[in-house]
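Worksheet for the structure shown next.
The values are calculated or read from the model by the stated rules, or taken from the named source; none is laboratory data. Predicted model only: the values in this text are computed from it and were never measured. These accessible areas exclude ligands, DNA and RNA; they are computed on the full protein's heavy atoms, side chains included. Shrake-Rupley method; radii C 1.70, N 1.55, O 1.52, S 1.80 Å.
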Amino acid sequence: GDRADDAAVGSGAAYVLLRNGAGTWTQQAYVKAPNTGLGDAFGGSVAISGEGGTLAVGASAESSSAGGIGGDQSNDGAYAAGAVYLY
């Protein structure tokens, strides 16, 4: 995602950080939803799997009525239904 693009106020983002042995944190990734929308609150909740290979990011106010994987994310027919994105 483009950090400089703040046209969709409240859409949200997630940052992935890595801590090295000396206690220093380094940013590894900046993540935005593929269907960024105004007020979606992407990143309001996050979880990472125990082995660190899967990141789950919640968007509590996402309005897409897409169901399952590969659904039509452009259809905002389910106001503030929420969504979870897996990376």
For the chain, with every protein chain kept in place, what is the accessible area per residue (1.4 Å probe, Å²)? 64
Carbon plus sulfur fraction of accessible area for the chain, probe 1.4 Å, in percent: 54
³J(HN,Hα), Karplus 6.51/-1.76/1.60, whole Hz, each residue of the range 36-41, x for Gly, Pro: 3, x, 3, x, 5, 6
Match the structure shown to one of the listed values (1) 0.93; (2) 0.95; (3) 1.02 of Rg/Rh (Cα atoms, Kirkwood Rh), computed from it, and give that label. (3)
